[in-house]
Each structure stands twice: as C-alpha cells, then as structure tokens.
Amino acid sequence: MTAPSSRFVEANGLRHHVLTWRAPAARSDRPILLSHGYLDVAWTFDALAKALVERGRHVLAFDWRGHGESAWIGRGGYYHFVDYVLDLVELTRALELDRRTFDLVGHSMGGTACAMFAASRPPGLTRLALLEGLGPEDASGEAPSARVAGWLSSVTRQRARPPRPLRDLDDAIARLRATHPALDAERARYIAEKQTILREDGLYFAFDPLHRTRSPTPFRASAFIEQLTQITAKTLVVTAERGFRPKDLEARASAIAACERVELAGVGHMLHWEAPSLVASHLAAFFEDGDG
C-alpha cells in the first residue's frame, strides 16, 4: 500500500500538517477525518488509516496546533480546548469538508475537542467516533485562584528550564515503551521516529513544551455534559479495558442522544497503537451503517 500524501493547510491563522490516505476503489465518497490526542501526531494513525483504506474509505489525519509538523502558537500564546475547536472548524472549511459529508474520529484530548466541535452541529458532519475521548476528570472543585497560580508557576518553570534533547532515537523508544509497555519494539520505533524532530541542537519530541504545563482553566464536567447533549450526529463511544475512564463516564455517554458503545478487551488507552485493525473494524462497521 502506498504511503499517504502530506501537505500543509492554513486554519485559524496557523499552518496545519495534513495526511491523506486514498482508497484505490472507494466504497464511499464520505472521507474520515482522524484527530490525535495529547502529545501524539497524525502519523501514528497510519496502521488504522490503512486498515480503513482496505475497507474502501478515504482517510485524512492532521496534527493539532503545537504538535508534530503543525505550527506552535508562538510567544505569548497558550493552548485551550476552544482554540482546538476553532482550528477544527476552520480546518474542515479549508479541506472543503463542510461542503460535503464526512465522518470524524477523535482520540483522547482530540476526542474531547471533536465532541465540542460536534456540539456546534457543523455542516457536513455525518458520524462521530470518540476513542477514549469523553474528557478528563472533573476539576470544578478546584479553587480558580489556586489553579491560575499553579499555571503561572508551571509556565515560569518551563521557560526557565527548556527541555533537554534526547540522547538519540533509542532514548525516545525507551521512554515510549516505559510509558506504553504494550508496544512491541518495531511499533515503538515507528512511533518514536514519527513523534520526534531533529533540530540543530539535537533530537526532541515534536510538541511545544507548553503542553507540559497545566491549563489555568479547570475542566468542568457539567459544562461538557451540556455540550454533549447538543450533539445530533450519531456517535460511537469506544473505551478500552485498560484505558482511562472518568468517574462519570456513564453520565457523559448517556448525554449524547444517538450513542452506541463498545469496549475493547485487553487494550489500553492508546488503542489505535495497540489494536489498529480491531479499532478499524468497529469504525468501518459503524460508518458503513450510515452509508445508505
């Protein structure tokens, strides 16, 4: 199977990196747009995308702002969920997905942003799949003043101590496998290659270090649930047996009017890394059910 094409698209004033996998004999004209999670990149969807292409679907994936080959926000800026949502609105316009129908998949942080996007009832969105993507734990009990103070301190520390380069690619692989022990050596090497970037002073993970700081805005589950009630697209919620689940997961999933659920046994949070073919089979069945 041929490698995906790579290009850059401007959305919300930032350059976004976009990959496209084209099916030789497409069974549907409705493309699938994949959005990755925290500190991940579009390239790690490659195995999942190819499995969907084998099922006759065109697939696109992109790097969120501050990740992979997409632009960092720049001096004086920061990363908030609403920024990601606006990026996605403008990215779908730049890719002309709003002029046709398309399906959307979001993993983890990307799933949360995709759910917020879907709540705005964007034109063209047909079906939504959230892979471990129904938001973090509720943080509404935190004192806003303490949260902001913590954020100020974390940003100050980050700027005073910028990250050191990795020793080499093997160092990146070791760090990945320490965090994700289910990865075999070959898959870990591929992901490490795609998640790193070589600069003049060394090899680094390809994300803005500001992502390592804690947002000044606490995540409020009640507000997120209200947004979930506004989603009209039929939605598939995919959870992993060894994944992350907020305490009120059932309330969040139940807030989506047309929601199907599936849990993958023996799989962790990075389910598209660990079991791309299994994930693809569930996504393909869900999306094909809406082709009629």
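Given a 1.4 Å probe and every protein chain left where it sits, what share in percent of the accessible area of the chain is carbon and sulfur? Carbon and sulfur atoms account for 51 percent of the accessible area of the chain.
Express in whole angstrom the spacing between the alpha-carbon centres of the stretch 9-65 and the stretch 185-202. Centre-to-centre distance over Cα atoms comes out at 20 Å. For the chain, modelled as a GNM whose springs connect Cα atoms under 10 angstrom apart, the maximal fluctuation among A23, A129, A146 occurs at A146.
Our helix-only sum for the chain, with -39,500 (n - 2.57) per DSSP H run of n ≥ 4 divided by its residues, gives a mean residue ellipticity at 222 nm of -10500 deg cm²/dmol.
DSSP bridge analysis restricted to the chain gives an antiparallel fraction near 40%, rounded to the nearest 5.
The A160 and A185 beta-carbon pair, evaluated with R₀ = 35 Å, returns a calculated FRET efficiency of approximately 0.45.
The length gained on full extension between R99 and S5, counted as 0.36 nm times the residue separation minus their Cα-Cα distance, comes to 31.7 nm. Classify the stretch 153-244 as rounded, prolate or oblate from the Cα gyration tensor: take a ≥ b ≥ c as the square roots of its eigenvalues, call it rounded if a/c is under 1.5, otherwise prolate when a/b beats b/c and oblate if not. Here the stretch 153-244 falls in the oblate category. Suppose R0 equals 41 Å; then what is the FRET efficiency for V148 and A25 from their Cβ-Cβ distance, rounded to the nearest 0.05? The value I calculate is 0.15. Compare E193, E142, E260 in a GNM of the chain, Cα atoms joined below 10 Å, and give the one with the largest fluctuation. So, out of E193, E142, E260, the one fluctuating most is E142.
This structure gives percent of Cα pairs over 24 Å apart, computed directly, and of (i) 48; (ii) 55; (iii) 51 that value is listed as (iii). How would you classify the stretch 1-59 from its alpha-carbon gyration tensor, with a ≥ b ≥ c the square roots of the eigenvalues: rounded for a/c under 1.5, else prolate if a/b is greater than b/c, otherwise oblate? Prolate, since a/c reaches 1.5 and a/b exceeds b/c. Of C114, C259, the residue with the largest accessible area leads and the full order is C259, C114 (1.4 Å probe).
The values are calculated or read from the model by the stated rules, or taken from the named source; none is laboratory data. The shown structure was predicted, so the numbers you read here are calculated from the model rather than taken from an experiment. In this analysis, Cβ positions are derived from the backbone assuming ideal geometry, glycine residues included, and neighbour counts consider all displayed protein chains. All accessible areas refer to the heavy atoms of the entire protein, side chains included, with ligands and DNA or RNA removed. Shrake-Rupley method; radii C 1.70, N 1.55, O 1.52, S 1.80 Å.
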